[in-house]
Amino acid sequence: MGFAIAEELANQGADIVLITGPTNQHTQNPRIKRIDVITAEEMYTTAVQYYPDCDGGIMTAAVADFTPLHPEDIKVKRGKENYQIELTPTKDIAAALGRMKSKNQFLVGFALETNDEESNAKLKLEKKNLDFIVLNSLNDKGAGFQYDTNKISILNGKGVKKKFELKLKKEVAVDIVKEVLEYYKDK
């Protein structure tokens with residue numbers, strides 16, 4: 001989804017910084033500056049570094065909420081009946097950018113939910129100081145990860161909600177970019 005949105009924005013003339021985790025996807029438009037990261041910490045650091053100089057941010061990455069507290073540097077062999085991994089929360093990228101956001105910037109988040117979808121998305125919208133949030137559900141057939149299609153709803157801070165049908169992600173990107181452009185022109 002992030003690549004489709006980056007391509008759509010770049011095709012409309014925007015200069016894009018695309019921060020991405022490991023993927024086989026490629027960018028096409030030369031207006032896209034791609035920065036590859038591996039860890040949640042690297043994504044956080046890079047996003048915080050670049051956001052102040054951008055018009056806004058669209059947070060599509062599904063960054064892990066937790067990371068191992070003591071990662072192993074060697075392979076863990078079988079032999080133990082139970083093996084425990086202690087996890088620690090990762091830094092919340094969207095919340096950090098929401099705190100940094102100036103009055104002239106926009107910030108769009110994504111919420112992938114499995115239950116209480118709309119109320120969880122609204123909570124995230126407010127808590128992270130987002131301008132609007134794109135809600136997708138794992139309960140919708142053909143939406144989410146590992147599909148070329150997605151089905152979204154867009155909620156904004158004014159309580160407006162728009163629902164979209166299942167579409168190709170390229171088409172969903174057009175819908176999202178249209179919302180960003182409409183929002184940004186009024187800002």
Quiz item: Which of the residues spanning region 1-53 are part of a strand (DSSP E or B), under 26 Å from ASN104 (Cβ atoms) and of a type outside the set (S, T, N, Q)?
Solution: ILE16, VAL17, LEU18, ILE19, ILE32, LYS33, ARG34, ILE35
Quiz item: Can you name the residue in region 78-110 that is in a loop (DSSP other than H, G, I, E, B) and among the charged types (D, E, K, R) and, of all such residues, is surrounded by the most Cβ atoms within 10 Å (Cβ to Cβ)?
Solution: LYS101
Exercise. Considering each residue of region 55-77, count those that are assigned to a loop (DSSP other than H, G, I, E, B) and either among the aliphatic types (A, V, I, L, M) or closer than 20 Å to LEU18 by Cα (or both), and give that number.
Key: 9
Quiz item: Are there any pairs with C-beta distances below 8 angstrom linking a residue in region 102-124 that is under 16 Å from ALA64 (Cα atoms) to a residue that is assigned to a loop (DSSP other than H, G, I, E, B) and among the basic types (Lys, Arg), with the two at least 6 apart or on different chains, and if so which?
Solution: GLY109/LYS128
Self-check item: region 13-32: number of residues that are over 15 Å from the mean Cα position of the chain (by Cα) and either more than 17 Å from ASP55 (Cα to Cα) or surrounded by 14 or more Cβ atoms within 10 Å (Cβ to Cβ) (or both)
Solution: 10
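Per-residue answers, yes or no, for (1) modelled with pLDDT under 85; (2) of a type in the set (Lys, Arg); (3) in contact with a Ser or Thr (Cβ under 6 Å, 6 or more places away or on another chain):
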| site | (1), (2), (3) |
| --- | --- |
| LYS101 | no, yes, no |
| PHE106 | no, no, no |
| LEU130 | no, no, no |
| ASN139 | yes, no, no |
| GLN146 | yes, no, no |
| ILE152 | no, no, no |
| LEU155 | no, no, no |
| LYS162 | no, yes, no |
Quiz item: Take the residues of region 125-152 that are polar (S, T, N, Q) and over 16 Å from GLY2 (Cα atoms): which is surrounded by the most Cβ atoms within 10 Å (Cβ to Cβ)?
Solution: SER137
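The values are calculated or read from the model by the stated rules, or taken from the named source; none is laboratory data. Note that the coordinates shown come from a computational prediction; the quantities given were computed from them, not determined experimentally. Ideal geometry is used to build each Cβ from the backbone, glycine not excepted, and the neighbour counts take in all protein chains shown.
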